[in-house]
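K.L.:
Please find one structure pasted underneath; my questions will follow.
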Amino acid sequence: MSKKYISIREVKDYVGQEVTIGAWVANKSGKGKIAFLQLRDGTAFFQGVAFKPNFIEKFGEEAGLVKFDTIKKLSQESSVLVKGLVKEDERSKFGYELDITDLEVLGDSQDYPITPKEHGTDFLMDNRHLWLRSRKQMAIMQIRNALIYASYEFFDQNGFIKFDSPILSGNAAENTTELFETDYFGNPAFLSQSGQLYLEAGAMALGRVFDFGPVFRAEKSKTRRHLTEFWMMDAEYPFVTHEESLDLQEAYVKALIQGVLERAGQALDILERDQDLLKKYLAEPFKRISYDEAIDLLQAHEKDPDADYEHLERGDDFGSPHETWISNHFGLPTFIINYPASFKAFYMKPVPGNEDRVLCADLLAPEGYGEIIGGSERETDYDKLLEKIQANGLDPKDYDWYLDLRKYGSVPHAGFGLGLERMVTFVAGTKHIREAIPFPRMLHRIKP
């Protein structure tokens, strides 16, 4: 069955054929008898070339001149139906161009605000609804899409069931000070900061489960790693050890990187991402060190010229500079395992024989991208979990259903969460998390 229109990404299958493409004019150039159009349709960018004599020959002098003049006067972001002959073009990274034979204007565009010149970040963020059309922003969204696709593929292949956790919750998964509170018909409710607690119920019912959706943190942070609304993938699975959980996390992250290399290679090219470096992360085992080993390492190197971080004592949490130095030291994604219980979540299981440490891990991405995964083995003992809930100043009544999971057939289980936008930023090689989501929500930004 022939297609009425094709996408730019599909032109490789139509070399030597005349096709019609619905597109927008990202830019144009040329003079005299020739016009060059940079066309985009959301799948890719490529060039269309219009030659005046060809239009005169096809439509006659008067009609041909009108057609060609229309093309020369096209403004940035005009929408068009463009017809032409697909040709290979070795000079282009894309590899193909279109010899335009006809063009119909669908929608005019006057005074488009984002021109090819440089613009400030605030201006671009104010016009995010239009900035998404640019070449690099399109590439980042394609990488995001490839990561989502690879996530579903990985979990399906590894026996997981998609389990949808609620966005409105009556209790906190971790820190109540970071929750957005709302009125729920006269009762307090919170926007979810994690689906994990509900996933534990899913794991006891269905075995391996995962969710994937928006979560919310009211943390008043302005760093390049933080959003107030972002997408989280949480996974939970019964009958596993802490080490087995780390193996699964490593396999998942490698599957994500592989998925982007396979499905969004051209997007990586547009962003000039070092794909050989990404392939290195696939080929080598991730590094694993304990929290205490990491403290020793930081203290031993804090006098080095490249050690731009503050001194830490045992029991201190890491800051971004510490995480950056550790992962860059090994040049690989690095698990830091068994943190102090004092600053980790109440549901984490203690290390056997050492109540001061918990069976958890953060996965740090190299190149300064910081934590992309947090996970742990969960406490399975009812009395110990109740004690931790009370010690953290939480109301056990809010967690009665969660405690029930330890009363009726409790089993060893573990899980982890991955922040999608942090993974996008890492794989894409971009600097700021705000570009990893279509419409970022930050401390002082909720528009557009």
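Read the figures in this text as sums done on the coordinates, not as results from a lab. Not measured: the values here are computed from a predicted model. Counting neighbours? That spans all protein chains shown, and the Cβs are built from the backbone with ideal geometry, glycine included.
K.L.:
Is the shape of region 8-107 rounded, prolate or oblate, going by the alpha carbon gyration tensor and its root eigenvalues a ≥ b ≥ c, with a/c under 1.5 for rounded and a/b larger than b/c for prolate? Please report the intermediate quantities before stating the final value.
P.N.:
Values: a/c = 1.66, a/b = 1.36, b/c = 1.22.
Prolate, because a/c is 1.5 or more and a/b exceeds b/c.
K.L.:
Let me ask you something else. Gaussian network model of the chain, Cα springs within a sub-10 Å range: biggest mean-square fluctuation belongs to which of Lys58, Lys117, Lys93?
P.N.:
Top of the fluctuation ranking is Lys117.
K.L.:
Could you work out which residue, out of Lys349, Lys220, Lys31, moves most in a Gaussian network model of the chain, that is, has the largest mean-square fluctuation with Cα springs under 10 Å?
P.N.:
Greatest mean-square fluctuation among the candidates belongs to Lys31.
K.L.:
A follow-up question, please. With +1 on each Lys and Arg Cβ and -1 on each Asp and Glu Cβ, how big is the dipole of the chain about its Cα centre, in debye rounded to the nearest 20?
P.N.:
1940 debye
K.L.:
Sticking with this one: Compute the helix-to-body angle for 61-72: its Cα long axis versus the longest principal axis of the chain, expressed 0 to 90° and rounded to tens.
P.N.:
Tilt of helix 61-72: around 30 degrees.
K.L.:
Let me ask something else. Please rank Ser376, Ser290, fewest neighbouring Cβ atoms within 10 Å first, as an exposure proxy.
P.N.:
Working: Ser376 24, Ser290 16.
Placing the least packed residue first, the sequence is Ser290, Ser376.
K.L.:
Starting with the fewest neighbours, write out Ser75, Ser151 ranked by other beta-carbon atoms found within 10 Å of each beta-carbon.
P.N.:
Values: Ser75 13, Ser151 22.
Listed from fewest to most nearby Cβ atoms, that is Ser75, Ser151.
K.L.:
Would you please name the chymotrypsin sites (Phe, Trp or Tyr not before Pro) within region 1-84 that are DSSP coil residues with at most 16 other C-beta atoms within 10 Å of their C-beta? All intermediate terms of the calculation are to be shown ahead of the outcome.
P.N.:
On the way: sites: Tyr5, Tyr14, Trp24, Phe36, Phe45, Phe46, Phe51, Phe55, Phe59, Phe68; in loops: Tyr5.
Here the sparse-neighbourhood loop sites are Tyr5.
K.L.:
With just the Cα atoms defining each centre, how far is region 267-305 from region 406-448? Give it in Å.
P.N.:
Spelled out, the Cα-based centre of one part sits 20 Å from the other.
K.L.:
Order by neighbour count: Arg445, Arg217, fewest other Cβ atoms within 10 Å first, most last. Write down the numbers at each step before the final one.
P.N.:
Numbers: Arg445 16, Arg217 20.
Ascending number of Cβ neighbours within 10 Å: Arg445, Arg217.
K.L.:
Which one, Ile437, Leu297, Thr101, is farthest towards the positive end of the dipole of the chain when Lys and Arg carry +1 and Asp and Glu -1 on their Cβ?
P.N.:
My answer, from the dipole projection, is Thr101.
K.L.:
While we're on this one: Let me know the whole percent of all Cα-Cα pairs from region 312-448 that are separated by more than 25 Å.
P.N.:
42 percent
K.L.:
Go ahead and estimate [θ] at 222 nm for the chain from helices alone: -39,500 (n - 2.57) per DSSP H run with n ≥ 4, summed, over the residue count, rounded to 500. Working shown, then result.
P.N.:
On the way: 14 runs with 150 residues, N = 448.
Result for the chain, helices only: -10000 deg cm²/dmol.
K.L.:
Same structure again: Describe numerically, in nm with one decimal, the distance between label points set 7 Å from Cα along Cα→Cβ at Ser134 and at Lys31.
P.N.:
Roughly 2.8 nm, to one decimal.
K.L.:
Rank Gly315, Gly353, Gly429 by mean-square fluctuation in a GNM of the chain with C-alpha springs under 10 angstrom and give only the top-ranked residue.
P.N.:
Comparing Gly315, Gly353, Gly429 in a Gaussian network model of the chain, the most mobile one is Gly353.
K.L.:
Another one. Specify which residue in the list Gln38, Ser221, Leu268 is farthest towards the positive end of the charge dipole of the chain, using unit charges on the beta carbon of Lys, Arg (+1) and Asp, Glu (-1), about the Cα centre.
P.N.:
Toward the positive end, the furthest listed residue is Gln38.
K.L.:
OK, next. Between rounded, prolate and oblate, where does region 84-128 land on the alpha carbon gyration tensor, with a ≥ b ≥ c its root eigenvalues, rounded for a/c under 1.5, else prolate if a/b exceeds b/c? Present the calculation step by step, with values, prior to reporting the outcome.
P.N.:
Numbers: a/c = 4.18, a/b = 1.67, b/c = 2.50.
Since a/c reaches 1.5 but b/c is at least a/b, the shape of region 84-128 is classed as oblate.
K.L.:
By its C-alpha gyration tensor, with a ≥ b ≥ c as the square roots of the eigenvalues, how is region 91-156 shaped: rounded for a/c under 1.5, else prolate for a/b larger than b/c, else oblate? Write down the numbers at each step before the final one.
P.N.:
On the way: a/c = 2.11, a/b = 1.25, b/c = 1.69.
Cα axes put region 91-156 in the oblate bin.
K.L.:
Still on this structure, please answer the following. Tally Lys and Arg at +1 and Asp and Glu at -1 over the other residues with C-beta under 14 Å from the C-beta of Thr20: what net charge comes out?
P.N.:
On the way: positive: Lys3, Lys4, Lys83; negative: Glu10, Glu18, Asp41, Asp99, Asp102, Glu104.
Summing Lys and Arg as +1 and Asp and Glu as -1 gives -3.
K.L.:
Angle, helix 291-301 long axis vs. longest principal axis of the chain, Cα atoms, 0 to 90°, nearest 10?
P.N.:
Helix 291-301 and the main axis of the chain meet at about 70 degrees.
K.L.:
Please compute the modelled spin-label separation between Tyr5 and Leu403, points set 7 Å along Cα→Cβ, answer in nm with one decimal.
P.N.:
Simple spin-label model gives 5.9 nm for this pair.
K.L.:
Using every pair of alpha-carbon atoms in the chain, split the distances into 20 Å bins beginning at 0 and state the percent of pairs per bin, rounded to integers.
P.N.:
22, 46, 24, 8, 0
K.L.:
Which one of Val11, Leu74, Asn54 has its Cα pushed farthest toward the positive end of the charge dipole of region 8-107, where Lys and Arg give +1 and Asp and Glu give -1 at the Cβ?
P.N.:
Farthest towards the positive end: Leu74.
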